[in-house]
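Structure first, commentary second.
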Amino acid sequence: MAPTLVRAPFHRPGWIYEEKVDGYRMLAYKDGARVRLVSRNGVDHTRRYPHIAAAFAQLKPSTLVLDGELAVFDDQLRSRFEWLRDPDESVVATPPVLIAFDVLYVKGRDVSQRPLRERRARLEDVVAGAGFIYPVRRLAPDGLDAWAEVVERGYEGLVAKDEASAYESGRTRRWLKVKQKDWTVEEDRWRRTISVASSREPKGK
């Protein structure tokens, strides 16, 4: 499920607002003792991040699928994509961690079609107390106040989500993202490098 980029922050009743983590999209799979960390393009990163795989294996459900973002943070809890490729030890304050924003399958049940508000509650319960795996940060309940947090704290942006939304494949307009302009050119450059190596209503783009 991928959010659609819109040009301006907004507020909409029935929607929630989360930090947009500047990292690497990752799906985490658990089936009994077997654990896998797989990128959106199907590359298995389990061996590359053994500490996250080990933490995921210790979560209580015997079957589990989480969707999230692999990221590192500075001491102000800001994430930057390039730090995954080239960590700056003078800036980076955390090891790579999995920031989970959705749960698709848990305890033998497909929950992907349940409303987001229910899935979020399940997610928080599943990862409570885990090491290296955390639920994505919720921002202010008003979308414009949430955007003010993004600007003040130096986050990449925010993702607005319809609390009634089911999880669906592909790009959707029930999740919308707004990014700070300063990220656009540099983020595109980082994405190209990685690929070579392996108003209160939104205005659409």
Residue-wise HN-Hα coupling along segment 53-61, computed from phi with Karplus coefficients 6.51, -1.76, 1.60 (Hz; x: Gly, Pro): 4, 5, 5, 5, 4, 7, 5, 5, x
Distance (nanometres) between label positions extended 7 Å along Cα→Cβ at residue 63 and residue 33: 1.9
FRET efficiency, 1/(1 + (r/R0)^6) with R0 30 Å, evaluated for residue 152 and residue 125 via beta carbons: 0.50
Cβ-based net charge around residue 61, under 11 Å, with every Lys or Arg adding one and every Asp or Glu removing one: +3
In Hz, Karplus ³J(HN,Hα) per residue of segment 125-131 (6.51, -1.76, 1.60; θ = phi - 60°; x = Gly, Pro): 5, 5, 9, 4, x, 6, x
Dipole magnitude of segment 2-197 about its Cα centre (Cβ charges: Lys, Arg +1; Asp, Glu -1), debye to nearest 20: 800
Dipole of segment 2-197, positive direction: furthest Cα of 2, 150, 127, with charges on the beta-carbon: 2
Matching label, Cα extents along the principal axes in Å computed from the structure shown, candidates [x] 50, 40, 30; [y] 58, 55, 25; [z] 41, 40, 31: [x]
Segment 15-69, relative contact order in percent, only Cα pairs under 8 angstrom and at least six apart counted: 43
Value of D in µm² per second that Stokes-Einstein yields for segment 1-122, Kirkwood Rh from Cα pairs, at 20 °C (1.002 mPa s): 135
Label-point gap, in nm, between residue 137 and residue 25 - each point 7 angstrom along Cα→Cβ: 2.3
Cβ-based net charge around residue 23, under 10 Å, with every Lys or Arg adding one and every Asp or Glu removing one: 0
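Each reported figure results from applying straightforward, stated rules to the coordinates on display, with no laboratory input. Quick caveat, the model's predicted, so the values are computed rather than measured. No Cβ is skipped: glycine too gets one built from the backbone with ideal geometry, and neighbour counts run over all protein chains shown.
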